[in-house]
């Protein structure tokens, strides 16, 4: 049976965020039927969703159909609120974290991950502690906070706290660049997301984060690590040949750190999965589907199940064993 570490949730409703959190311009949900809704940003449609986002019965039926035994349930990044004041982001995180626990209930097949006000390290640590005490198992964070990447001092402080309390961290790209060249063909998702993930993985390595945080910290990057695995050789070459500009605070070339990072398998083709396993290692790839969104993989883990190059032992690692190590150490 498969453990899916990359899925998202959206509650069917939430309080008026302007009243509950302060400020204006918050996302809101336009419910169009019993099973369908639209996430709205002011008066603009952001994403159409259905009951698979909030109905545990629908999720469980889909999991059964896909052979998924457990599913990590994480926030949808549009609700992170990193651009808000810390107090507003704290209130927002508490609302959505509590609503996520309402959705998953006590069903052990769901593994809830919380969100935190990452722009305020102390508040982020406090909300992580509160959420884990309430039933969350780990945390999903965006790959950056404004112009601060994963090597920013405050984010490193939060990651160190995650290591100290044993919370696995799922890193998801968000807030991609916009512009005429990216606003057609879903290019923000097709090119922006891989590039954002690549940049943040580099920041983690070249910014010296993995030299600062304990090895017990468990990190997983979404979408196969973006373009980072494909261009790892280029990064190593630059680290060796232009070390004065590239090395930053890292003590080893980028490829020396891959055993500190998990990546999910949602790369959609066997050749891409082969490169991912060859580059990151068979112990560092976990199944992720991006359920229930339309650019996700259904059935979850199908490329792993069908990949002809995997041995039975390797397939078991990708489907189950690696996820257990990511979630529980």
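The values are calculated or read from the model by the stated rules, or taken from the named source; none is laboratory data. On a predicted model such as this, the values are computed, not experimentally measured, just so you know. Cβ placement follows ideal geometry from the backbone for every residue including glycine, while neighbour counts extend to all protein chains displayed.
Using the structure shown, decide if residue 208 is without any contact (Cβ under 8 Å) to a residue 60 or more places away in the chain, in contact with a strand residue (DSSP E or B) (Cβ under 6 Å, 6 or more places away or on another chain) and at positive phi.
Judged against the criteria, residue 208 is not a match.
Identify, please: which residue in segment 248-265 is part of a loop (DSSP other than H, G, I, E, B) and touching a helix residue (DSSP H, G or I) at 6+ places or on another chain (Cβ under 6 Å) and is, among those, surrounded by the fewest Cβ atoms within 10 Å (Cβ to Cβ)?
Out of the qualifying residues, it is 251.
Considering every residue within segment 27-49, establish whether at least one is within 18 Å of residue 300 (Cα to Cα), assigned to a strand (DSSP E or B) and touching a residue at least 24 places away in the same chain (Cβ under 8 Å).
No; the residues of segment 27-49 include none that is within 18 Å of residue 300 (Cα to Cα), assigned to a strand (DSSP E or B) and touching a residue at least 24 places away in the same chain (Cβ under 8 Å).
This table checks each residue for (1) within 29 Å of residue 233 (Cβ to Cβ); (2) in contact with a strand residue (DSSP E or B) (Cβ under 7 Å, 6 or more places away or on another chain).
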residue: 142; (1), (2): yes, yes
residue: 150; (1), (2): yes, no
residue: 167; (1), (2): no, yes
residue: 176; (1), (2): yes, no
residue: 184; (1), (2): no, no
residue: 194; (1), (2): yes, no
residue: 198; (1), (2): yes, no
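Could you give every pair whose Cβ atoms fall below 9 Å, whose first residue belongs to segment 173-192 and is touching a residue at least 24 places away in the same chain (Cβ under 8 Å), and whose second residue is loosely packed, with under 11 Cβ neighbours inside 10 Å and part of a loop (DSSP other than H, G, I, E, B), counting only separations of at least 6 or pairs across chains?
Correct list of pairs: 175/146.
Residue pairs, Cβ under 9 Å, 6 or more apart or interchain, first in segment 234-247 and crowded, with 16+ Cβ neighbours inside 10 Å, second at pLDDT below 95 and in a helix (DSSP H, G or I). List them.
235/246; 238/245; 238/246; 239/246
In segment 33-62, how many residues are at positive phi and in contact with a strand residue (DSSP E or B) (Cβ under 6 Å, 6 or more places away or on another chain)?
Number of matching residues: 0.
Restricting the search to segment 297-329, which residues are part of a loop (DSSP other than H, G, I, E, B) and over 17 Å from residue 268 (Cβ atoms)? Step through it out loud before you land on a result.
Restricting attention to segment 297-329, the residues satisfying the condition of being part of a loop (DSSP other than H, G, I, E, B) are 297-301, 307-311, 329.
Hits for segment 297-329 are 311, 329.
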